[in-house]
1. Going by what's in this entry, would Ser11 be described as loosely packed, with under 15 Cβ neighbours inside 10 Å, modelled with pLDDT under 85 and not hydrophobic (A, V, I, L, M, F, W, C)?
2. Looking at the stretch 8-25, I want the residues that are acidic (Asp, Glu) and have a partner that is surrounded by 12 or more Cβ atoms within 10 Å (Cβ to Cβ) with Cβ atoms under 7 Å, at least 6 apart or on another chain. Which pairs are those?
3. Would you confirm, using the coordinates I've provided, whether Leu54 is part of a helix (DSSP H, G or I) and in contact with a strand residue (DSSP E or B) (Cβ under 8 Å, 6 or more places away or on another chain)?
4. Can you name the number of the only condition in (1) at pLDDT 80 or above; (2) closer than 17 Å to Val15 by Cβ that Phe44 fails?
5. Out of (1) at pLDDT 85 or above; (2) exposed (fewer than 12 other Cβ atoms within 10 Å of the Cβ), the odd one out for Glu2 is which?
6. Out of Arg17, Arg27, Arg67, Arg59, I need the residue that is part of a loop (DSSP other than H, G, I, E, B), at pLDDT 75 or above and within 12 Å of the chain's Cα centre (by Cα). Which one?
Amino acid sequence: MEAIRLWACPSCHRVLRERSVDEVQRRHEELVREQCGTASSAEFVAEAMWPAYLASLRRCRCGSRKRLKPVSPLAMRGQLDLHLDAVVMQ
């Protein structure tokens, strides 16, 4: 099992879970398929919207452009149920 890496937004203190680009791309394709009926239009929409979708996941939902701070492993101990947002780090 891969270690979970968490990041915190310095502006709103929201905790974000790091995800791989492959994982996010699969999720994006699922969302597009749910919204678009035909396969040809879904493929076109997925390709057209992918750069914007990926860029939106590189920062916090609060809109802050501040650099995300890594959450220390000690702070993660004892957390049973974290509600996390996705973020892609490269």
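The values are calculated or read from the model by the stated rules, or taken from the named source; none is laboratory data. Quick caveat, the model's predicted, so the values are computed rather than measured. Cβ: placed from backbone, ideal geometry, glycine included. Neighbour counts: every protein chain shown.
1. On the way: loosely packed, with under 15 Cβ neighbours inside 10 Å: yes; modelled with pLDDT under 85: no; not hydrophobic (A, V, I, L, M, F, W, C): yes.
Against the criterion (loosely packed, with under 15 Cβ neighbours inside 10 Å, modelled with pLDDT under 85 and not hydrophobic (A, V, I, L, M, F, W, C)), Ser11 does not qualify.
2. Close Cβ pairs (under 7 Å, with a partner that is surrounded by 12 or more Cβ atoms within 10 Å (Cβ to Cβ)) amount to Glu18/Arg5; Glu18/Trp7; Glu18/Val87; Glu18/Met89.
3. Numbers: part of a helix (DSSP H, G or I): yes; in contact with a strand residue (DSSP E or B) (Cβ under 8 Å, 6 or more places away or on another chain): yes.
The answer is yes for Leu54.
4. (2)
5. (1)
6. Numbers: Arg17 fails: part of a loop (DSSP other than H, G, I, E, B); Arg27 fails: part of a loop (DSSP other than H, G, I, E, B); Arg67 fails: within 12 Å of the chain's Cα centre (by Cα).
Selected residue: Arg59, the only one of Arg17, Arg27, Arg67, Arg59 that is part of a loop (DSSP other than H, G, I, E, B), at pLDDT 75 or above and within 12 Å of the chain's Cα centre (by Cα).
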